[in-house]
Amino acid sequence: MQFFGGTEISPSPPAPTASGNNAHMLYIFNRNGICLLYREWNRPLKTLSSQQDHKLMFGLLFSLKSLTAKMDPTSVEKGNLGVPQLPGQGCSFHSFRTNTYKLSFMESPSGIKIILVTHPRTGDLRDSLKYIYNLYVEYVVKNPLYSPGSPIRCELFNKTVDQYVRGLG
Amino acid sequence: MGVKRKRFGLLQTHPSVLILTRSPLTLSIPVSKALYYISWLPPPLPNPATQFSPVLIAWQNAELFTLTYGAIVRQLLTDLEEVEEVNKQLDQMGYNIGVRLVDEFLEKSNVSSCVDFKETAEVIAKVGFKMFLGVTASVSNWDSEGTTCSLILEDNPLVDFVELPDNCQGLYYCNILSGVIRGALEMVSMKTEVTWLRDMLRGDDVFELQVKLLKQVPEEYPYKDDE
């Protein structure tokens, strides 16, 4: 049975391509908009308080999801703009890039949103985000001292995520 | 979990079967396994035979799971005394488990969408039950709108060795499963009601869980606009 089996984290992480600190920030939100985790490695400019920053980020993604689903040229039925979507309904966007940063996004059907902001030349980070979700499941969800819906205060998880992100190319 | 270990009474009625009596439930276990658990010897080292047989190793872990669950139910019956209270508590425990379990399930099974209830029920029966209990269930008895179905379990590892005594007839022994399903589905935007239709411990031939979709609640924007 699965639960008493080995504790190796699966799948194995995508191989890191270059060393160095390439990521700027990481956010993890849950379905109610609560920011479970915010990690910052390289952020020279901060204009908003952290609460406003989290709300802005969450609101941005919520709207982007809705917009991208509405603008989808291949889907047959389109809801009205602003109508909330069910998990998996409509297309799902996964990243956007500007001249100074790239934002990669992943959402699980249970509403856990993982956002990673990196430098603009980063490749497709979907597998890496999946691996971070994997780490979240192993270190946070399975931790009996963590209550779902509250900010993550697990040192081991923070350290593992830091280590992994530092290795991303 | 805070379950205190209590001494079991031993009754050996047949050379190969030991019956552990600790009211109100009795568990009967073959002698070899019972000695392993009761004397709390260190677990047997994996010998070359079992190294090539993952089925045997899984089987030993499954026993521990079954006995642990039995101990929890027994303790709840002692603490709460009312069978209805125990049913509710098991459901609540299942709900708390389900809320966490869903992330692990989604991550391991790579499911990306939860819109169609029919598909969701199939996935729970085939993938979910297999992943966590090691058995598959089948889905049947769809109603005309497609919002209610039954999950049929022929084999249930939770109830190995269990017999319900007469004073616990209202007990849904596996009620934790209904809570788990309810909790997990709520995290993927489906509000459901899960009830037991048939229960092998009460004399039926299979376990039948009825899952009824009440409504699908898509994510709303959580912040108020004026903040």
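The values are calculated or read from the model by the stated rules, or taken from the named source; none is laboratory data. Note that the coordinates shown come from a computational prediction; the quantities given were computed from them, not determined experimentally. Neighbour counts run over all protein chains shown; Cβ positions are idealised from the backbone, glycine included. The area values use the complete protein model at the heavy-atom level, side chains included, leaving out ligands, DNA and RNA. Shrake-Rupley method; radii C 1.70, N 1.55, O 1.52, S 1.80 Å.
Keeping all protein chains in the complex and leaving out DNA, RNA and ligands, what accessible area do you get for A:CYS35 with a 1.4 Å probe, in Å² to the nearest 10?
20 Å²
Going down the list B:LYS108/B:LYS212; B:LYS118/B:LYS191; A:LYS102/A:LYS130, which pairs span over 19 Å between their C-alpha atoms?
Numbers: B:LYS108/B:LYS212 25 Å; B:LYS118/B:LYS191 14 Å; A:LYS102/A:LYS130 17 Å.
Pairs exceeding the cut-off: B:LYS108/B:LYS212.
Leaving ligands, DNA and RNA out of it, rank B:VAL73, B:VAL123 by accessible area with a 1.4 Å probe, largest first.
Values: B:VAL73 0, B:VAL123 40 Å².
Putting B:VAL73, B:VAL123 in descending order of accessible area: B:VAL123, B:VAL73.
Can you send over the carbon and sulfur percentage of the accessible area for region A:30-122, probe radius 1.4 Å, protein chains only?
Values: 2760 of 5060 Å².
The computed percentage sits at 54.
Let's see if you can work this out: charge +1 on each Lys and Arg Cβ, -1 on each Asp and Glu Cβ, no other charges. What is the dipole magnitude of region B:171-227 about its Cα centre, in debye to the nearest 20?
On the way: 7 positive and 11 negative charges, 65 e Å.
That gives a dipole near 320 debye.
Apply the a/c threshold of 1.5 to the C-alpha gyration tensor of region A:79-169 and tell me whether it is rounded, prolate or oblate.
Numbers: a/c = 2.39, a/b = 1.13, b/c = 2.11.
Oblate is the answer for region A:79-169, as a/c is 1.5 or above yet b/c matches or exceeds a/b.
Quick one: grab the alpha carbon gyration tensor of region A:30-131, order the square roots of its eigenvalues as a ≥ b ≥ c, and give me rounded if a/c is under 1.5, else prolate or oblate depending on whether a/b is larger than b/c.
prolate
Could you give each residue of region A:135-148 its phi-based ³J(HN,Hα) in whole Hz, using Karplus coefficients 6.51, -1.76, 1.60 with θ = phi - 60°, and x for Gly or Pro?
Ordered by residue, 3J(HN,Hα) equals 4, 4, 5, 5, 8, 9, 5, 7, 7, x, 8, 9, 9, x Hz.
Could you compute how much accessible surface A:TRP41 exposes when probed at 1.4 Å, giving the result in Å² to the nearest 10?
40 Å²
So how far, in whole Å, is the C-alpha centre of region A:122-169 from the one of region B:170-219?
31 Å
Determine the gain in length on full extension of the stretch A:ARG39-A:ASP72; use 0.36 nm per residue of separation and subtract their C-alpha separation, reporting nm with one decimal.
On the way: separation 33, 0.36 × 33 = 11.88 nm, distance 3.23 nm.
My answer for the length gained is 8.7 nm.
Quick check: from the Cα gyration tensor, does region B:103-161 come out rounded (a/c under 1.5), prolate or oblate?
It comes out oblate by the Cα gyration axes.
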